[in-house]
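Just below is one structure, and these are the notes that go with it.
The values are calculated or read from the model by the stated rules, or taken from the named source; none is laboratory data. Remember, predicted model here, so these are calculated numbers, not experimental data. Positions of Cβ are backbone-derived with ideal geometry, glycine not excepted, and every protein chain shown enters the neighbour counts. Note: areas computed on protein heavy atoms with side chains; ligands, DNA, RNA excluded. Shrake-Rupley method; radii C 1.70, N 1.55, O 1.52, S 1.80 Å.
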Amino acid sequence: MPSGKQRIISFGLNETKLNQARKTQSGLRGTKNGDFFSIWNYDGKIAYEDIIEETKDFDIIYCIGTSGYGSVYKAQLPNGKVVALKKLHCLEVEDPTFDKSFKNEIKMLTKIRHRNIVKLYGYYLQKRCMFLVYEYMEMGSLFSVLSNDVKVVELDWMKRMTVIESIAHALSYMHHECVQVIVHQGISSNNILLNSELEAFVSDFGMARNLDPNSSNQTLLAGTFGYIAPVPV
């Protein structure tokens with residue numbers, strides 16, 4: 001665990017932008033909570049130690065679920081903001097497959113900006129510790145809502161249609177509006193998150209891929225049953 005000087009969560013689309021962010025934030029250095037470099041104008045500051053303190057070093061009592069890789073934790077930051085943290089465990093960090101998925105998710109979400117795609121606030125990379133900082137969704141996954149006898153009552157047919165429409169907008173954006181087409185490859189009820197208003201957001205981009213319109217693409221089975229996507233070759 002880091003000691004002494006606070007370890008700052010890093011946000012890097014590239015080194016130039018990271019350096020610009022450092023210069024912009026330089027006046028805040030030395031503050032209690034460290035620096036927080038925002039991709040989507042996040043209005044807070046957070047350092048590694050704050051997350052470790054708030055989650056008691058990722059204690060299981062703060063774990064709210066699992067994803068395709070890693071576990072998801074809930075944390076309330078010193079400024080009152082609640083975020084979700086997706087963390088790779090030690091064995092997963094050493095697995096090249098999980099490491100690739102983790103970094104692929106960062107790559108995809110740092111260039112996606114859509115209302116119905118979960119926001120990535122930042123990430124922390126270290127040899128033995130890797131986690132993502134996400135927008136927190138109060139209702140959890142669509143699967144968990146549909147599986148809960150109490151919560152599912154709130155999800156009437158009109159709201160279910162709104163969920164479907166939101167997912168369709170997100171997929172349409174990835175398939176038709178991005179500079180390079182993005183195929184998620186893992187759409188399922190586990191990867192659709194709902195906020196307190198039951199708005200739907202697509203998450204979990206570890207298997208997502210870009211399609212090159214100038215090259216051939218082979219259709220293979222990938223991701224979860226229910227969504228078969230073309231895979232770049």
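Apply the Karplus curve 6.51 cos²θ - 1.76 cosθ + 1.60, θ = phi - 60°, to the phi angles in region 149-157 and return the couplings in whole Hz, x for Gly and Pro.
4, 7, 5, 5, 4, 5, 8, 6, 5
Under 5 Å between amide hydrogens, which residues at least 5 positions from residue 65 or on another chain qualify, with H placed 1.01 Å from N in the peptide plane?
Under 5 Å from the amide H of residue 65: 72.
Can you sort 199, 154 by 1.4 Å-probe accessible area, starting with the largest?
Working: 199 55, 154 90 Å².
Largest accessible area first, the list is 154, 199.
Quick one: what are the phi-derived ³J(HN,Hα) couplings along region 131-144, Karplus 6.51/-1.76/1.60 with θ = phi - 60°, whole Hz, x for glycine and proline?
8, 10, 10, 10, 4, 8, 10, 4, 8, x, 7, 4, 4, 5
Does region 60-191 come out rounded, prolate or oblate by the C-alpha gyration tensor, with a ≥ b ≥ c the root eigenvalues, rounded set by a/c under 1.5 and, if not, prolate when a/b is larger than b/c and oblate if not? Spell out each step's value before the answer.
Values: a/c = 1.77, a/b = 1.21, b/c = 1.46.
Oblate, because a/c is 1.5 or more while a/b does not exceed b/c.
What is the spin-label model distance, in nm, from residue 178 to residue 63 if the labels are put 7 Å beyond Cα along the C-beta direction?
3.0 nm
If you bin every alpha carbon distance in region 95-145 into 10 Å steps from zero, what whole percent lands in each bin?
Computed distribution, short to long bins: 20, 46, 32, 3.
Can you list residues whose amide H is under 5 Å from residue 130's amide H, if they're 5+ apart or on another chain and H is modeled 1.01 Å from N?
Excluding prolines and chain starts, which carry no amide H, the hits are 88.
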